[in-house]
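Structure, as structure tokens:
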Amino acid sequence: MRNVTGRPIVRGTLGGALAAFALVAAFALTGHAQQARTVADGVYSAEQAQRGAALYKAQCAACHGEKLEGVIGPMLAGEGFVAAWGGRSLAELVDKIQNTMPLQAPGSLMRPQAIDLAAYMLQVGNFKAGQALTDATAKQATFPSARPAAAPA
């Protein structure tokens, strides 16, 4: 079948569809790349970390240590912790906290409490504070694969 100019209709339609698909794919990739963040990008608030600190002392310090260094439970800060979580989303950490902690009562923490604990862990790990951590931002934020070296003083 041919159109008025004599060109095959199928070829023109297929070409237009492919061009439209390429354009949509380019916008989708660009939008996704802008949303990707790491925990170094200020993904929690100081207020959340403060609430998390109080909860940590009451619920977590006996197993994970006063300074998150690990006692019975694993360390929750430092290079080993960051390496273990490297490339994983902050949402995965929040899920683990909420679903498996504290050891004596797994699943007893509410989602906001798990988020506050994650914020405190980031603060102790020397990640800067910024805007409030939410479920949506936790899904977008990942732990770096390798911790960047500190800037010279």
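Each value in this text was obtained by applying a stated rule to the coordinates, not by laboratory testing. What you are looking at is a predicted structure, and each value in this text was computed from that prediction instead of being measured. Heads up, the Cβs are rebuilt from the backbone with ideal geometry, glycines too, and the neighbour counts pull from every protein chain shown.
Worth pointing out:
- Residues listed by number, region 99-140, amide nitrogen under 20 Å from residue 69 label point at 7 Å toward C-beta: 120-127
- Theoretical FRET efficiency, 1/(1+(r/R0)^6), r = Cβ-Cβ of residue 79 and residue 50, R0 30 Å, to 0.05: 0.75
- Region 112-122 - phi-based ³J(HN,Hα) in whole Hz, Karplus 6.51/-1.76/1.60, Gly and Pro as x: x, 5, 5, 5, 5, 5, 4, 4, 4, 4, 5
- Principal axis extents of the C-alpha atoms in region 93-140 (largest first, rounded to whole Å): 32, 22, 13.
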